[in-house]
Amino acid sequence: MDMLARLTEIVGPAHVMTGAAAIAAGFGREWTGHYRWTPLAVVRPGCTAEVSALMQWADETDTKVVPVGGNTGLNGGTFAEGAVMVSLSRLNRVRALNPAARTVVAEAGVVLESLHDLAAAHDLAFPLSFGAKGSAMVGGFLSTNAGGSNVVRYGSARALCLGLEVVLADGRIWNGLSDLHKDNTGYDLRDLMIGAEGTLGIITAAVLKLTPAPKAYATALIGLPSLGAALGVLNAVQMGSGGAVEAFEYMPDSYMERLGRAKPALACPFAPQPVNVLIETATTVPGADPVAQLEAALFEAMEQGQVTEAVVAHSTAQRRKLWEMRESAAEITFTTPDIVDCDIALPLDRLQPFLDRMTPRLAALDPQAEELVIGHLGDGNLHYTAYPSRSEAALGQAIRAAVNEEAMALGGSFSAEHGVGLSKRATMAAHKDPVAVQMMAAIKGALDPKGLLNPGKVLP
Ligand SMILES: Cc1cc2nc3c(=O)[nH]c(=O)nc-3n(C[C@H](O)[C@H](O)[C@H](O)COP(=O)(O)OP(=O)(O)OC[C@H]3O[C@@H](n4cnc5c(N)ncnc54)[C@H](O)[C@@H]3O)c2cc1C
C-alpha cells in the first residue's frame, strides 16, 4: 500500500496499474510471448522530473525498475517479475525540430513511425526502419541500438543519435542533449547508454539526426543462384549508384515458400530462387531516375548470369507490396514457442561459409529439424531460426550453441541488432571476451551499485 500511495503521488492515480489491469494492458509478456511475468506495478510518468522522482524512490526503497517502450523487443529485455515497470509512453513530445541543422529532439515515448511522418512533413527523413516501426519508441530503439533495413546506408540507431537525456539509478538527470557532431570531451557517455538495454539509466529524450528525404526510390525483387552472386550485385550497384543502396534484404526460397503458404497474396512473383533479395536504392536529386539506373544494372547482372529473375516496382503500391513480403518475416518466423531464433552478424564474405557449416550441423543434431534464414544481407546480419522436431530444452540449447559457435568461429557476433536481454545471457558468458565482461560489470557497478535498473539483463 505504501508503494502504491507513493507511486500515485509521483505520477497521479490515472497512471499507476497493477495486477490484472497491467497484464490486460500488455505489460505481462513480451512480443513473442516466450517470457511472461507479473510486475509489482506499471507506472507511466509524464515528464523527466517524474522519472527522476521514481528513481529516487526506487533508490530509497531498493525497488527494481524495468523501463519499457513499445515492448517489441525480441530478447526478454522487459521481463519484470518482482519489479516496477516504468513505461515511457507518455513522454511522447517532440521538443524541437531544427530543419537547418537537420536535428529533432524527441522524448523517449515518441513512436518511430511518427518520427518518419514528422520528418517527411519537413522534406527530411529519419532513416531507421524495421517491421515494428508502428510501436517501437525512441527510448527502446536507442536502448537496443536497433538496426533494421537501412543500416547498409545509414548505420544503426547509434549512428543516428547526437545527444541524450538520461535519468540515472539514483534519480540524477544527465543532460547530454547535445546537437554537436563532434565533441571529444572525455568518455562517450552517449554511446555507453545506447545499447545498454535499460541497465545503466532511463533514456528520457534524444537529439536525433535527420537526413535529406529521398525524392525517388528504385525497388526490385531479384532472384540469384548464390550469396556470392548477391554480394557481386550489391557491390556493382553501390559502385554504379554512388553508394545509394538503402536496403539489401535476403529472403531464400525456404522463406518464400513459407510466405506463399501463409499469405498467398504476397507469394513470390517468380519461381523462388536459392537467394532472393529485395534491393532498394534512393536518390535525393530532383528529376533523377533511379529506376532506370537500377534496371540497367540488373540487366547487366542478368547477362553475366548473376541475376536469374527480377521484378522492378513501378508504382508506390508495387513497392509497398515488395516491402510487405520482407516485413512479414517476424510473423512468418515466430509460429511456435519451441523455435530457436538467433540474430547473428558476420563479415559479408563469410555468410555462405556460415550456412555451409551450420546446415549439416543442424541435420546432425536433429535430422528432422527445419531451418529458416532471412536477414539484412547488406550489413551481414542473418536471422537464423531452427524449428526442432522435438520440444526438448536440451535440443534447443544445443542448436543455439552450435549457431553461436559457428558464427563466432567465423569472426561473427551472437547478437547483431536485438541485444542480449535475458535470452542471450548464457551466450554472453560463453562467448564474450572475459575482460570485456569485467569492464561492463565495473561500469554497471559504478552507475547502478544497487543493481536496480533492469536487473538480470545483459550481463552474464
Ligand atoms: C515485427 C518485429 C520486427 C522487428 N524488426 C527489427 C529489426 O529489423 N531490427 C531491429 O533492430 N529490431 C527489430 N525488432 C525488435 C524491436 O522492435 C527493437 O528492438 C526495438 O528497438 C525495441 O523498441 P521498443 O520501444 O519496443 O523497446 P522495448 O521492447 O520496450 O524495450 C527494449 C529494451 O530497451 C529497454 N528500454 C526501453 N525503453 C527504454 C528507455 N527509455 N530507457 C532505457 N531503456 C529502455 C527495455 O528495458 C528493454 O530492455 C523487431 C520486432 C518486431 C516485433
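The values are calculated or read from the model by the stated rules, or taken from the named source; none is laboratory data. Not measured: the values here are computed from a predicted model. Here the Cβ is made from the backbone with ideal geometry for all residues, glycine too, and neighbour counts use every protein chain on show. Calculation scope for accessible area: heavy atoms of the full protein, side chains included, ligands and nucleic acids excluded. Shrake-Rupley method; radii C 1.70, N 1.55, O 1.52, S 1.80 Å.
Numbers at a glance
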{"read-out": "Test: residue in the range 357-371 that is touching a Pro at 6+ places or on another chain (Cβ under 7 Å), open to solvent by less than 50 Å² (accessible area, probe 1.4 Å) and over 25 Å from P269 (Cβ atoms)", "value": "yes"}
{"read-out": "Every pair of residues 6+ apart whose Cβ atoms lie under 6 Å, when the first sits in the range 322-343 and is basic (K, R) while the second is more than 12 Å from the ligand (Cβ to nearest atom) and open to solvent by less than 20 Å² (accessible area, probe 1.4 Å)", "value": "R326/L278"}
{"read-out": "Qualifying positions in the range 169-206 - away from the ligand (no atom under 11 Å from the Cβ), open to solvent by less than 30 Å² (accessible area, probe 1.4 Å) and assigned to a loop (DSSP other than H, G, I, E, B)", "value": "A169, G171"}
{"read-out": "In the range 45-73, the residues that are away from the ligand (no atom under 12 Å from the Cβ) and either farther than 15 Å from L91 by Cβ or touching a helix residue (DSSP H, G or I) at 6+ places or on another chain (Cβ under 6 Å) (or both)", "value": "E50, A53, L54, Q56, W57, A58, D59, E60, T61, D62, T63"}
{"read-out": "Residue within the range 318-329 that is more than 24 Å from the chain's Cα centre (by Cα) and either more than 23 Å from Q397 (Cα to Cα) or hydrophobic (A, V, I, L, M, F, W, C) (or both) present", "value": "yes"}
{"read-out": "Number of the condition not met by A25 [criteria: (1) more than 26 Å from L447 (Cβ to Cβ); (2) hydrophobic (A, V, I, L, M, F, W, C); (3) open to solvent by less than 20 Å² (accessible area, probe 1.4 Å)]", "value": "(3)"}
{"read-out": "Members of the range 28-53 found to be in contact with a Phe, Trp or Tyr (Cβ under 8 Å, 6 or more places away or on another chain) and free of Cβ contacts under 8 Å to residues at least 12 places away in the same chain, listed by number", "value": "G28, R29"}
{"read-out": "Of all residues in the range 102-153 being in a helix (DSSP H, G or I) and free of Cβ contacts under 8 Å to residues at least 60 places away in the same chain, the one that is farthest from N75 (Cα to Cα)", "value": "A121"}
{"read-out": "In the range 4-34, residue farthest from R93 (Cα to Cα) [restricted to those that are at pLDDT below 95 and not small (G, A, S)]", "value": "H34"}
{"read-out": "Odd one out for E107 among (1) among the charged types (D, E, K, R); (2) under 30 Å from K424 (Cα atoms); (3) open to solvent by 40 Å² or more (accessible area, probe 1.4 Å)", "value": "(3)"}
{"read-out": "Total residues in the range 119-152, condition touching a helix residue (DSSP H, G or I) at 6+ places or on another chain (Cβ under 8 Å), more than 12 Å from the ligand (Cβ to nearest atom) and either open to solvent by 30 Å² or more (accessible area, probe 1.4 Å) or modelled with pLDDT under 95 (or both)", "value": "1"}
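Every residue, every condition in (1) of a type outside the set (A, V, I, L, M); (2) over 14 Å from A369 (Cα atoms); (3) touching a Leu at 6+ places or on another chain (Cβ under 7 Å); (4) surrounded by fewer than 20 Cβ atoms within 10 Å (Cβ to Cβ), yes or no:
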| residue | (1), (2), (3), (4) |
| --- | --- |
| S389 | yes, no, no, yes |
| E406 | yes, yes, no, no |
| S413 | yes, yes, no, yes |
| E417 | yes, yes, no, no |
| V420 | no, yes, no, no |
| K424 | yes, yes, no, no |
